[in-house]
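The values are calculated or read from the model by the stated rules, or taken from the named source; none is laboratory data. Since this is a predicted model, take the numbers as computed values, not measurements. Ideal geometry is used to build each Cβ from the backbone, glycine not excepted, and the neighbour counts take in all protein chains shown. Keep in mind that these areas ignore ligands, DNA and RNA; they rest on the heavy atoms of the full protein, side chains included. Shrake-Rupley method; radii C 1.70, N 1.55, O 1.52, S 1.80 Å.
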Amino acid sequence: MNILAIESSCDETAVAVVADGRRVLTDQIASQVALHRLYGGVVPEIASRKHMEAIYPLAERALEEAHITRGDVDAIAVTYAPGLIGALLVGVNFAKAAALALGKPLIPVHHIRGHIAANYLAYPDLTPPFLCLVVSGGHTMLVDVADYTQMTLLGTTLDDAAGECFDKVARVLGMPYPGGAALDAAARTGDPEKYVLPRPRPGENPLDMSFSGLKTAALNVLHHAEQVGEALDVPSFCAGFSRTVADILVSRTRQALERTGRKKLAAAGGVAANSVIRAALQDLAGEMGAELYLPPLSLCGDNAAMIGAQGYYEFLSGNLADMGLNAYASRSLFGERL
Ligand code: KG4
Ligand code: ZN
(Lines give C-alpha, C1' and ligand atoms only; values in the text may rest on other atoms or scores of the structure.)
(Ligands and ions follow the chains in the order given, each with its own letter.)
Protein backbone atom coordinates (compact mmCIF):
# COMPACT_ATOMS: atom_id res chain seq x y z
CA MET A 1 0.00 0.00 0.00
CA ASN A 2 1.52 3.33 -1.12
CA ILE A 3 0.88 6.20 1.28
CA LEU A 4 1.54 9.78 0.20
CA ALA A 5 2.49 11.49 3.47
CA ILE A 6 2.46 15.20 4.25
CA GLU A 7 4.14 16.99 7.18
CA SER A 8 3.99 20.76 7.75
CA SER A 9 3.71 21.24 11.52
CA CYS A 10 6.68 23.57 11.98
CA ASP A 11 9.37 24.87 9.65
CA GLU A 12 9.90 21.91 7.31
CA THR A 13 7.56 21.21 4.43
CA ALA A 14 7.87 17.47 3.83
CA VAL A 15 6.29 14.96 1.47
CA ALA A 16 7.10 11.24 1.33
CA VAL A 17 5.84 8.06 -0.25
CA VAL A 18 6.00 5.03 2.05
CA ALA A 19 5.04 1.48 1.08
CA ASP A 20 3.31 -0.70 3.71
CA GLY A 21 4.48 1.49 6.57
CA ARG A 22 8.08 0.31 6.33
CA ARG A 23 9.64 1.09 2.95
CA VAL A 24 10.48 4.68 2.02
CA LEU A 25 10.11 5.25 -1.73
CA THR A 26 10.99 8.91 -1.35
CA ASP A 27 11.34 11.41 1.50
CA GLN A 28 11.35 15.03 0.32
CA ILE A 29 12.02 17.97 2.63
CA ALA A 30 11.98 21.70 1.90
CA SER A 31 13.52 23.26 4.99
CA GLN A 32 12.83 26.86 5.97
CA VAL A 33 15.37 26.84 8.77
CA ALA A 34 17.77 29.30 7.10
CA LEU A 35 14.94 31.82 6.74
CA HIS A 36 13.78 31.61 10.37
CA ARG A 37 17.37 31.73 11.60
CA LEU A 38 17.38 35.45 10.76
CA TYR A 39 14.80 35.93 13.54
CA GLY A 40 16.29 33.49 16.07
CA GLY A 41 13.20 31.24 15.93
CA VAL A 42 10.25 30.20 13.79
CA VAL A 43 8.00 33.06 12.65
CA PRO A 44 4.59 31.34 12.28
CA GLU A 45 3.22 33.65 9.59
CA ILE A 46 6.30 33.18 7.41
CA ALA A 47 6.21 29.41 7.98
CA SER A 48 2.60 29.17 6.72
CA ARG A 49 3.34 31.18 3.59
CA LYS A 50 6.45 29.15 2.78
CA HIS A 51 4.56 25.87 3.25
CA MET A 52 1.95 27.19 0.84
CA GLU A 53 4.58 27.89 -1.82
CA ALA A 54 6.50 24.66 -1.31
CA ILE A 55 3.89 21.97 -0.89
CA TYR A 56 2.56 21.41 -4.40
CA PRO A 57 5.91 21.29 -6.25
CA LEU A 58 7.30 19.10 -3.47
CA ALA A 59 4.44 16.62 -3.83
CA GLU A 60 4.97 16.51 -7.60
CA ARG A 61 8.66 15.87 -7.03
CA ALA A 62 7.89 13.13 -4.49
CA LEU A 63 5.80 11.20 -7.03
CA GLU A 64 8.52 11.63 -9.64
CA GLU A 65 11.29 10.46 -7.31
CA ALA A 66 9.20 7.51 -6.09
CA HIS A 67 8.61 6.58 -9.75
CA ILE A 68 4.88 6.35 -9.25
CA THR A 69 1.88 8.17 -10.72
CA ARG A 70 -1.08 9.70 -8.90
CA GLY A 71 -3.02 6.54 -9.68
CA ASP A 72 -0.53 4.48 -7.65
CA VAL A 73 -1.28 6.41 -4.44
CA ASP A 74 -3.54 4.32 -2.17
CA ALA A 75 -4.06 6.80 0.68
CA ILE A 76 -3.00 10.24 1.93
CA ALA A 77 -1.62 10.64 5.46
CA VAL A 78 -1.14 14.04 7.05
CA THR A 79 0.05 15.54 10.33
CA TYR A 80 -3.05 17.19 11.80
CA ALA A 81 -1.62 17.99 15.30
CA PRO A 82 0.22 19.31 17.24
CA GLY A 83 2.20 22.25 15.86
CA LEU A 84 1.85 25.79 14.53
CA ILE A 85 -1.79 26.04 13.56
CA GLY A 86 -1.30 28.04 10.35
CA ALA A 87 1.46 25.69 9.25
CA LEU A 88 -0.60 22.56 9.99
CA LEU A 89 -3.60 23.95 8.10
CA VAL A 90 -1.57 24.15 4.88
CA GLY A 91 -0.69 20.44 5.02
CA VAL A 92 -4.18 19.36 6.13
CA ASN A 93 -5.88 21.32 3.36
CA PHE A 94 -3.47 20.02 0.77
CA ALA A 95 -4.05 16.45 1.97
CA LYS A 96 -7.84 16.91 1.91
CA ALA A 97 -7.68 18.27 -1.64
CA ALA A 98 -5.44 15.37 -2.74
CA ALA A 99 -7.69 12.77 -1.10
CA LEU A 100 -10.76 14.31 -2.72
CA ALA A 101 -9.16 14.61 -6.15
CA LEU A 102 -7.73 11.08 -6.12
CA GLY A 103 -10.75 9.53 -4.39
CA LYS A 104 -8.50 7.93 -1.73
CA PRO A 105 -8.73 7.62 2.08
CA LEU A 106 -7.45 10.44 4.30
CA ILE A 107 -5.43 9.38 7.37
CA PRO A 108 -4.86 11.87 10.20
CA VAL A 109 -1.54 11.34 12.00
CA HIS A 110 -0.42 12.80 15.33
CA HIS A 111 3.06 14.28 14.84
CA ILE A 112 4.53 12.60 17.92
CA ARG A 113 3.14 9.21 16.93
CA GLY A 114 4.97 9.86 13.67
CA HIS A 115 8.25 10.51 15.49
CA ILE A 116 7.86 7.19 17.31
CA ALA A 117 7.10 5.43 13.99
CA ALA A 118 10.39 6.69 12.49
CA ASN A 119 11.83 3.65 14.25
CA TYR A 120 9.77 1.27 12.08
CA LEU A 121 11.55 2.66 9.02
CA ALA A 122 15.00 2.32 10.53
CA TYR A 123 14.33 -1.11 12.06
CA PRO A 124 12.09 -3.29 9.89
CA ASP A 125 12.03 -5.95 12.62
CA LEU A 126 10.84 -3.63 15.39
CA THR A 127 7.32 -4.38 16.57
CA PRO A 128 5.44 -3.18 19.67
CA PRO A 129 5.39 -3.50 22.60
CA PHE A 130 8.31 -1.24 23.47
CA LEU A 131 9.15 1.78 25.59
CA CYS A 132 9.87 5.04 23.76
CA LEU A 133 11.65 8.13 25.01
CA VAL A 134 10.22 11.03 22.98
CA VAL A 135 12.41 14.13 22.95
CA SER A 136 11.42 16.73 20.38
CA GLY A 137 11.47 20.52 20.32
CA GLY A 138 8.09 20.74 22.06
CA HIS A 139 7.64 17.38 23.83
CA THR A 140 9.56 15.29 26.33
CA MET A 141 7.86 12.10 27.44
CA LEU A 142 8.11 8.44 28.17
CA VAL A 143 5.55 6.49 26.20
CA ASP A 144 4.66 2.85 26.58
CA VAL A 145 3.87 1.69 23.04
CA ALA A 146 1.66 -1.35 23.70
CA ASP A 147 0.63 -1.53 20.05
CA TYR A 148 1.00 0.63 16.92
CA THR A 149 -1.95 2.82 17.90
CA GLN A 150 -2.22 2.07 21.61
CA MET A 151 0.05 4.10 23.82
CA THR A 152 0.19 5.13 27.46
CA LEU A 153 1.94 8.13 28.96
CA LEU A 154 4.29 7.09 31.78
CA GLY A 155 5.98 10.41 32.45
CA THR A 156 6.37 13.85 30.92
CA THR A 157 8.05 17.18 31.49
CA LEU A 158 5.95 19.39 33.71
CA ASP A 159 7.29 22.56 32.09
CA ASP A 160 9.75 23.07 29.20
CA ALA A 161 10.70 20.39 26.70
CA ALA A 162 14.34 19.28 26.61
CA GLY A 163 14.61 20.67 23.05
CA GLU A 164 13.39 24.11 24.13
CA CYS A 165 15.99 24.08 26.87
CA PHE A 166 18.78 23.18 24.41
CA ASP A 167 17.65 25.89 22.00
CA LYS A 168 17.37 28.62 24.64
CA VAL A 169 20.79 27.93 26.15
CA ALA A 170 22.36 27.70 22.67
CA ARG A 171 20.77 31.01 21.72
CA VAL A 172 22.29 32.78 24.73
CA LEU A 173 25.63 31.21 23.78
CA GLY A 174 25.22 32.94 20.40
CA MET A 175 24.69 29.76 18.40
CA PRO A 176 22.42 29.86 15.33
CA TYR A 177 18.79 28.62 15.57
CA PRO A 178 17.95 25.81 16.21
CA GLY A 179 20.90 25.53 18.53
CA GLY A 180 20.63 21.94 19.80
CA ALA A 181 22.91 20.45 17.16
CA ALA A 182 25.48 23.29 17.49
CA LEU A 183 25.55 22.89 21.28
CA ASP A 184 26.03 19.14 20.82
CA ALA A 185 28.98 19.74 18.48
CA ALA A 186 30.56 22.26 20.87
CA ALA A 187 30.28 19.79 23.76
CA ARG A 188 32.51 17.18 22.11
CA THR A 189 35.82 18.50 23.48
CA GLY A 190 34.55 19.71 26.86
CA ASP A 191 34.89 18.42 30.41
CA PRO A 192 31.36 17.54 31.63
CA GLU A 193 32.41 17.75 35.31
CA LYS A 194 33.54 21.39 35.23
CA TYR A 195 30.12 23.06 35.51
CA VAL A 196 27.64 21.39 37.84
CA LEU A 197 23.96 22.03 37.09
CA PRO A 198 20.81 20.96 38.99
CA ARG A 199 18.78 17.81 38.28
CA PRO A 200 15.30 18.72 39.56
CA ARG A 201 12.78 16.11 40.71
CA PRO A 202 9.33 17.64 40.31
CA GLY A 203 5.90 16.42 41.41
CA GLU A 204 4.75 13.07 42.70
CA ASN A 205 5.27 10.87 39.65
CA PRO A 206 8.93 9.79 39.72
CA LEU A 207 8.83 9.48 35.92
CA ASP A 208 7.95 13.16 35.41
CA MET A 209 10.67 15.65 34.53
CA SER A 210 11.35 19.37 34.68
CA PHE A 211 13.70 21.44 32.55
CA SER A 212 12.81 25.04 33.32
CA GLY A 213 14.89 25.12 36.53
CA LEU A 214 17.85 23.68 34.65
CA LYS A 215 17.38 26.27 31.92
CA THR A 216 17.36 29.11 34.46
CA ALA A 217 20.40 27.70 36.28
CA ALA A 218 22.32 27.34 33.01
CA LEU A 219 21.44 30.88 31.94
CA ASN A 220 22.53 32.17 35.37
CA VAL A 221 25.98 30.62 34.89
CA LEU A 222 26.27 32.34 31.50
CA HIS A 223 25.08 35.72 32.74
CA HIS A 224 27.26 35.56 35.84
CA ALA A 225 30.36 34.82 33.78
CA GLU A 226 29.53 37.76 31.53
CA GLN A 227 28.91 40.13 34.46
CA VAL A 228 32.17 39.36 36.26
CA GLY A 229 34.10 39.28 32.99
CA GLU A 230 35.07 35.64 33.40
CA ALA A 231 35.90 33.69 30.24
CA LEU A 232 33.49 30.78 29.90
CA ASP A 233 34.86 27.41 28.90
CA VAL A 234 32.16 26.91 26.25
CA PRO A 235 32.90 23.26 25.36
CA SER A 236 32.90 22.25 29.05
CA PHE A 237 29.74 24.21 29.74
CA CYS A 238 28.01 22.53 26.78
CA ALA A 239 29.31 19.11 27.87
CA GLY A 240 28.07 19.64 31.44
CA PHE A 241 24.69 20.86 30.23
CA SER A 242 24.24 17.93 27.81
CA ARG A 243 25.29 15.46 30.50
CA THR A 244 22.72 16.96 32.91
CA VAL A 245 19.88 16.67 30.36
CA ALA A 246 20.99 13.11 29.55
CA ASP A 247 21.08 12.18 33.27
CA ILE A 248 17.54 13.49 33.79
CA LEU A 249 16.22 11.57 30.77
CA VAL A 250 18.10 8.38 31.52
CA SER A 251 17.14 8.18 35.19
CA ARG A 252 13.42 8.35 34.22
CA THR A 253 13.90 5.90 31.36
CA ARG A 254 15.58 3.42 33.72
CA GLN A 255 12.63 3.59 36.11
CA ALA A 256 10.17 3.22 33.23
CA LEU A 257 11.96 0.08 32.02
CA GLU A 258 11.87 -1.32 35.54
CA ARG A 259 8.21 -0.48 36.00
CA THR A 260 6.99 -1.88 32.67
CA GLY A 261 9.44 -4.75 32.30
CA ARG A 262 9.82 -3.85 28.61
CA LYS A 263 12.92 -5.26 26.98
CA LYS A 264 12.88 -2.97 23.93
CA LEU A 265 13.75 0.71 24.21
CA ALA A 266 13.38 3.24 21.38
CA ALA A 267 14.08 6.97 21.15
CA ALA A 268 12.33 9.54 18.96
CA GLY A 269 12.39 13.25 18.06
CA GLY A 270 14.98 15.84 17.13
CA VAL A 271 16.79 15.74 20.48
CA ALA A 272 17.33 11.98 20.03
CA ALA A 273 20.08 13.08 17.62
CA ASN A 274 22.11 14.31 20.60
CA SER A 275 25.37 12.38 20.91
CA VAL A 276 25.56 12.51 24.73
CA ILE A 277 21.97 11.29 25.08
CA ARG A 278 22.53 8.52 22.53
CA ALA A 279 25.63 7.30 24.35
CA ALA A 280 23.83 7.43 27.72
CA LEU A 281 20.90 5.42 26.32
CA GLN A 282 23.34 2.87 24.95
CA ASP A 283 24.88 2.47 28.42
CA LEU A 284 21.44 2.18 29.99
CA ALA A 285 20.28 -0.46 27.51
CA GLY A 286 23.45 -2.45 28.19
CA GLU A 287 22.94 -2.19 31.94
CA MET A 288 19.25 -3.21 31.73
CA GLY A 289 19.70 -5.93 29.10
CA ALA A 290 17.31 -4.10 26.76
CA GLU A 291 17.43 -3.92 22.97
CA LEU A 292 18.04 -0.30 21.91
CA TYR A 293 16.51 1.34 18.81
CA LEU A 294 17.97 4.73 17.94
CA PRO A 295 16.71 6.28 14.69
CA PRO A 296 19.46 7.51 12.34
CA LEU A 297 19.95 11.27 12.56
CA SER A 298 18.04 11.79 9.28
CA LEU A 299 14.91 10.29 10.88
CA CYS A 300 15.18 12.06 14.26
CA GLY A 301 14.10 15.50 13.00
CA ASP A 302 10.84 16.31 11.26
CA ASN A 303 10.15 14.38 8.06
CA ALA A 304 7.15 13.01 6.20
CA ALA A 305 8.36 9.40 5.95
CA MET A 306 7.59 8.91 9.65
CA ILE A 307 4.04 10.20 9.01
CA GLY A 308 3.66 7.65 6.21
CA ALA A 309 4.89 4.88 8.53
CA GLN A 310 2.45 5.71 11.33
CA GLY A 311 -0.27 6.47 8.77
CA TYR A 312 -0.18 2.85 7.61
CA TYR A 313 -0.87 1.56 11.11
CA GLU A 314 -3.57 4.18 11.72
CA PHE A 315 -5.19 2.99 8.48
CA LEU A 316 -5.06 -0.64 9.61
CA SER A 317 -6.74 0.43 12.88
CA GLY A 318 -9.49 2.20 10.94
CA ASN A 319 -8.47 5.67 12.08
CA LEU A 320 -9.57 7.66 9.04
CA ALA A 321 -10.85 11.20 8.58
CA ASP A 322 -13.34 12.83 6.23
CA MET A 323 -13.39 16.26 4.62
CA GLY A 324 -14.29 17.76 8.01
CA LEU A 325 -10.75 17.12 9.29
CA ASN A 326 -9.33 20.12 11.14
CA ALA A 327 -5.85 20.92 12.45
CA TYR A 328 -5.05 21.36 16.16
CA ALA A 329 -2.19 23.27 17.75
CA SER A 330 -2.25 20.89 20.70
CA ARG A 331 -3.83 17.47 20.97
CA SER A 332 -3.23 14.44 23.14
CA LEU A 333 -1.30 11.58 21.64
CA PHE A 334 -3.28 8.94 23.43
CA GLY A 335 -6.20 7.04 22.04
CA GLU A 336 -8.15 9.75 20.26
CA ARG A 337 -10.41 8.94 17.36
CA LEU A 338 -11.50 11.70 15.01
O1 KG4 B 1 11.51 16.72 16.58
P2 KG4 B 1 11.99 18.01 16.06
O3 KG4 B 1 12.70 18.04 14.75
O4 KG4 B 1 10.83 19.04 15.95
C5 KG4 B 1 9.78 19.06 16.83
O6 KG4 B 1 8.81 18.27 16.63
O7 KG4 B 1 9.85 19.87 17.77
O8 KG4 B 1 12.95 18.58 17.19
C9 KG4 B 1 13.64 19.78 17.05
C10 KG4 B 1 14.52 19.96 18.26
C11 KG4 B 1 15.14 21.35 18.35
O12 KG4 B 1 14.97 21.80 19.67
C13 KG4 B 1 16.61 21.09 18.04
O14 KG4 B 1 17.49 22.01 18.63
C15 KG4 B 1 16.77 19.73 18.65
O16 KG4 B 1 15.61 19.03 18.23
N17 KG4 B 1 18.00 19.03 18.21
C18 KG4 B 1 19.00 18.69 19.05
C19 KG4 B 1 20.00 18.07 18.26
N20 KG4 B 1 19.57 18.06 16.97
C21 KG4 B 1 18.33 18.64 16.95
N22 KG4 B 1 19.13 18.86 20.38
C23 KG4 B 1 20.27 18.40 20.95
N24 KG4 B 1 21.28 17.83 20.26
C25 KG4 B 1 21.18 17.63 18.94
N26 KG4 B 1 22.18 17.02 18.27
ZN1 ZN C 1 8.87 16.98 15.34
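LEU281 fails exactly one of the following numbered conditions: (1) assigned by TED's automatic domain parsing to the domain that holds PHE166; (2) within 12 Å of ligand 1 (Cβ to nearest atom); (3) crowded, with 24+ Cβ neighbours inside 10 Å. What is the number of that condition?
(2) is the only condition that LEU281 fails.
Take segment 109-137 and flag every residue that is out of contact with any helix residue (DSSP H, G or I) (no Cβ under 7 Å at 6 or more places or on another chain) and outside any helix (DSSP H, G or I).
Matches in segment 109-137: HIS110, TYR123, PRO124, ASP125, THR127, PRO128, PRO129, PHE130.
Of all residues in segment 1-26, count the ones that are open to solvent by 60 Å² or more (accessible area, probe 1.4 Å) and not in a loop (DSSP other than H, G, I, E, B).
Of the residues in that region, 2 qualify.
With respect to ALA187, is the statement that it is more than 16 Å from ligand 2 (Cβ to nearest atom), small (Gly, Ala, Ser), in the same structural domain as VAL245 (by TED's automatic domain parsing) and in contact (Cβ under 8 Å) with a residue 60 or more places away in the chain true?
yes
Which ones in segment 223-259 are buried (at least 17 other Cβ atoms within 10 Å of the Cβ), over 23 Å from the mean Cα position of the chain (by Cα) and not small (Gly, Ala, Ser)?
VAL234, PRO235, PHE237
Only residues that are more than 16 Å from ligand 1 (Cβ to nearest atom) and not in a helix (DSSP H, G or I): list them for segment 251-278, please. Before you say what the answer is, go through the steps one by one.
Pass one, segment 251-278, residues more than 16 Å from ligand 1 (Cβ to nearest atom): 251-265.
Once the filter is applied, which keeps residues that are more than 16 Å from ligand 1 (Cβ to nearest atom) and not in a helix (DSSP H, G or I), segment 251-278 yields GLY261, ARG262, LYS263, LYS264, LEU265.
Of ALA98, ALA75, ALA87, which residue is open to solvent by less than 10 Å² (accessible area, probe 1.4 Å) and more than 16 Å from ligand 1 (Cβ to nearest atom)? I'd like the intermediate steps shown before the answer.
Working: ALA98 fails: open to solvent by less than 10 Å² (accessible area, probe 1.4 Å); ALA87 fails: more than 16 Å from ligand 1 (Cβ to nearest atom).
Exactly one residue qualifies, and that residue is ALA75.
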